[in-house]
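The block underneath contains the structure these notes are about, expressed in structure tokens.
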Amino acid sequence: MEANTLNELKKFALDIRIETLNMISKHGFGHMGGSLSVADAITVLYGNQMKYDPENPKWDGRDYLVLSKGHCGPALYSALAIKGFFPREELLTINKLGTRLPSHVDKNLTPGIDMTAGSLGQGVSCALGIALGLKLQNKPNMVYAIIGDGEAQEGQVWETMLIAPNRGVKNFIVLLDNNKQQLDEFTEHISSLGDIRRKAEDFGWYALTVDGHDLSAIDEAIEKCKAEDKPGFINMETVKGKGWPDKEAILGNHALRGAAFAGVDEAIDNLRKELAAI
Ligand SMILES: Cc1ncc(C[n+]2csc(CCOP(=O)(O)OP(=O)(O)O)c2C)c(N)n1
Ligand SMILES: [Mg+2]
């Protein structure tokens, strides 16, 4: 990746984290940990990989993203607002009465959201349906789905894992935000995913593991998946709460409320300083 592109992506990632922390802390509640861990994947998708038109969100040449871990809407809304799908000020309406930005993504409300999600496991199988539909029409659009490691305990995820390679779907990439934590526990203590890359490979996927906070590595992994004749599976090793050092990788960082946001202004200031220094 060229140095210029990488710099732009780094700025975009910081901007997403700033907007995410700002909107949920001002609202007083929100899914912090998983929104911050997935910010870099969203950065690469909307900053370098996906085709889309903010002026025409339903453009039929677009690529699709289904945020199957739909509770992390704030990170995706930040990216969409930064890219011009709707005004940035609208981010501060999150979860308020009448908003177009509910905490969990909703395709009927938000420009740029292609699938409603939040009931874990369902989004990724809807994404497979979109990919199959496009394949039937011989269309080249890519379909991406992002799932969580806790979400991967859902049986519906494994139906998708089994069916996608069997149906010869190629335009489909699943990214696992493997931040090692689910709602209130470490995933390993609830139901270990084991060697998840190997499992995906055994199911017939082209499967890779990457550092999910290394923008070039995520981009390269997507390129490799696109070059293969199989669906792609990217196990992204991530840190829940990445970007707010006091909250990284600790239990209790899934969703914050009220006083738990103490220190957020300093965290946002530090991200702003980092952004200004690029
Ligand atoms: C079917 C279903 N069961 C339970 C929940 C409640 N829930 C919301 S987030 C979450 C934890 C998800 O963990 P993970 O997929 O690892 O997400 P992340 O760590 O990225 O936030 C749970 C259990 C839900 N949204 N859907
Ligand atoms: Mg998780």
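The values are calculated or read from the model by the stated rules, or taken from the named source; none is laboratory data. Every value quoted in this text rests on a predicted model; they were computed, and no experiment measured them. Cβ sites come from the backbone with ideal geometry, for glycine too, and all protein chains shown count toward neighbours. Heavy atoms of the whole protein, side chains included, go into the accessibility calculation; ligands, DNA and RNA do not. Shrake-Rupley method; radii C 1.70, N 1.55, O 1.52, S 1.80 Å.
Couple of notes before you dig in:
- Considering the range 212-238, the residues that are buried (at least 21 other Cβ atoms within 10 Å of the Cβ) and part of a loop (DSSP other than H, G, I, E, B) include one that is farthest from ligand 2 (Cβ to nearest atom), namely P231.
- For the range 134-143, the condition holds for at least one residue, the condition being that it is in a loop (DSSP other than H, G, I, E, B) and buried (at least 20 other Cβ atoms within 10 Å of the Cβ).
- Where a residue in the range 107-128 is open to solvent by 40 Å² or more (accessible area, probe 1.4 Å) and among the β-branched types (V, I, T) and its partner, wherever it lies, is part of a loop (DSSP other than H, G, I, E, B) and within 16 Å of ligand 2 (Cβ to nearest atom), with Cβ under 8 Å and at least six apart: T116/H104
- For the residues S103, S78, the requirement of being open to solvent by less than 30 Å² (accessible area, probe 1.4 Å), within 30 Å of S216 (Cβ to Cβ), under 17 Å from the mean Cα position of the chain (by Cα) and polar (S, T, N, Q) singles out S78.
- Breaking point among (1) in contact with an Asp or Glu (Cβ under 6 Å, 6 or more places away or on another chain); (2) surrounded by 24 or more Cβ atoms within 10 Å (Cβ to Cβ), for I147: (1)
- Total residues in the range 93-106 satisfying the condition of being farther than 24 Å from Q122 by Cα and touching a residue at least 60 places away in the same chain (Cβ under 8 Å): the figure is 1.
- Looking only at the range 119-133, and only at residues there that are in a helix (DSSP H, G or I) and small (G, A, S), the one that is nearest to ligand 1 (Cβ to nearest atom): G123
- When residues in the range 30-87 are screened for being more than 11 Å from ligand 1 (Cβ to nearest atom), free of Cβ contacts under 8 Å to residues at least 60 places away in the same chain and among the hydroxyl-bearing types (S, T, Y), 2 of them pass.
- Residue satisfying condition, being away from ligand 1 (no atom under 11 Å from the Cβ) and in contact with an Asp or Glu (Cβ under 9 Å, 6 or more places away or on another chain), within set T116, T93: T116
- Hits in the range 153-211 (condition: within 15 Å of ligand 2 (Cβ to nearest atom), open to solvent by less than 50 Å² (accessible area, probe 1.4 Å) and assigned to a helix (DSSP H, G or I)): V157, T187, I196
- Selection status of V124, in contact with a strand residue (DSSP E or B) (Cβ under 7 Å, 6 or more places away or on another chain) and within 16 Å of ligand 2 (Cβ to nearest atom): yes
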